[in-house]
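The values are calculated or read from the model by the stated rules, or taken from the named source; none is laboratory data. Computed from a predicted model, the values in this text were never measured in an experiment. Using ideal geometry, Cβ is built from the backbone for each residue, glycine included, and neighbour counts are taken over all protein chains shown. Heavy atoms of the whole protein, side chains included, go into the accessibility calculation; ligands, DNA and RNA do not. Shrake-Rupley method; radii C 1.70, N 1.55, O 1.52, S 1.80 Å.
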Amino acid sequence: MVPPTAVATPGQSSQQIGQVNPDGPAVKEPAKDTILTPRFYTTDFDAMAAMDLRPNEVELEAICEEFRKDYNRHHFVRNGEFDGAADKLDPETRKVFVEFLEQSCTSEFSGFLLYKELSRRIKTKNPLLAECFAHMARDEARHAGFLNKAMGDFDLQLDLGFLTANKAYTFFKPKFIFYATYLSEKIGYWRYIAIYRHLEQHPESKIFPIFNFFENWCQDENRHGDFFDALMRAQPDTVRGFRARLWCRFFLLAVFATMYVRDVARKEFYGALGLDARTYDKVVIEKTNETSARVFPVVLDVQNPLFWERLERLVQNNAQLSAADASGAPAPIKALRKLPYWAANGLEMAKLFLMKPIRSEQFQPAVR
Ligand SMILES: [Fe+2]
Ligand SMILES: [Fe+2]
């Protein structure tokens, strides 16, 4: 797959988001790619360009008008609170917090690359869509840049230019991009706002000033999610019919299960904020599921205790897989040790997928 050229585009470049300065902080080696690390996406740009927006053009135009207002233009400005804040963290908290910053920065940057490339490639053929993507790329560039600056407080920096050129790109057809990005924007909204509201109640757990920025920040993600909601309504076949129902279930499950396993594995970070990772994820998953019912034809039955039991089994299997990875055994032995847990994970995911979903059409405005 040809990597997007977005970083070299004038306007928003890796220089603004976080260029590596030879005299600056140490460049952090990117985290090893696993099934749980954020991905970079590319898609069928011609199909995107040819998309007919007429079924929901009025709503898309209204969302674009909101983007043009650029509510957070002056929001992401660092203040004196950041001075010396990094030095106050103990070594263990520092480690998990830097991991959080890295993961968040990579996800935000992945959004930037995809949106920027989309806006560039469909500019002449689908100007409204292109403009929406350009505004969203602007927001994600700010988010990624702000996170990368926070990493700089820990004398580390992500080399985003290197990441652009060297990370593997996953190809998704446009409708899969819609499901995946819609969910990642909405889950991002709930993740940020849940942390923000918790820290509002527990200011003593605010370990770093970046959390003060989460309230306005998550509104960007919410608007981005609303854009994909409107886009799916403009292409009603993406959220209508038997196949759409299967795919929506699949994406909901993939996103929820990945987040749950990943967050429980780094529960120390949530602990440092005074949060229990499992409780936090449960709230975020329930809220995202509820929100998704506004556009997806089905959502998952997250009130069923079996759903959570099965997620816990994934967590246990994942812990065994990590233990096998960490052992000093030769690669074939490791693979042999891991095999039963991979199989068990596959089986749990299949069982989760086959759980009866909840039809959500009745909760939706009558656009379809
Ligand atoms: Fe973002
Ligand atoms: Fe976003």
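Quick notes on this one:
- Taking 206, 167 and ordering them by how much accessible surface each has at a 1.4 Å probe, largest first, produces 206, 167.
- Within the chain, percent of DSSP bridges classed antiparallel, to nearest 5: 25 percent
- Accessible surface, the stretch 266-311, averaged per residue in Å² (probe 1.4 Å): 38 Å²
- Greater than 22 Å apart at Cα, pairs in 28/95; 175/338; 95/282: 175/338; 95/282
- Segment residue 90-residue 335, length gained on full extension (0.36 nm per residue, minus Cα span): 84.6 nm
- Geometric descriptor of the stretch 157-307, per residue, is 140 Å³ (volume of the convex hull of the Cα atoms).
- Heavy atoms of residue 240: accessible area, 1.4 Å probe, square angstrom to 10: 110 Å²
- For the options 188, 84, 145, a Gaussian network treatment of the chain with springs between C-alpha atoms closer than 10 Å singles out 84 as fluctuating the most.
- Inter-label distance, nm, simple model (7 Å from Cα along the C-beta direction), residue 205/residue 265: 2.3 nm
- R0 of 22 Å, Cβ-Cβ distance residue 301-residue 364: FRET efficiency to nearest 0.05: 0.80
- What a 1.4 Å probe finds exposed on the chain is 55% carbon and sulfur by accessible area, rounded to a whole percent.
- For residue 169, residues with placed amide H under 5 Å, excluding near neighbours: none
- With contacts taken as Cα pairs under 8 Å at a separation of at least 6 residues, the chain carries a relative contact order of 20 percent.
- Counting 0.36 nm for each residue step from residue 290 to residue 50 and taking away their Cα separation leaves a gain of 83.3 nm.
- Cα-derived Rg to Rh of the chain, Kirkwood definition: 0.95
- Here is how the number arises for the chain: DSSP H runs of 4 or more residues each give -39500 (n - 2.57), the sum is divided by the residue count, and the result at 222 nm is -21000 deg cm²/dmol.
- Gain on full extension, evaluated as 0.36 nm per residue between residue 282 and residue 81 minus their Cα-Cα distance, stands at 69.2 nm.
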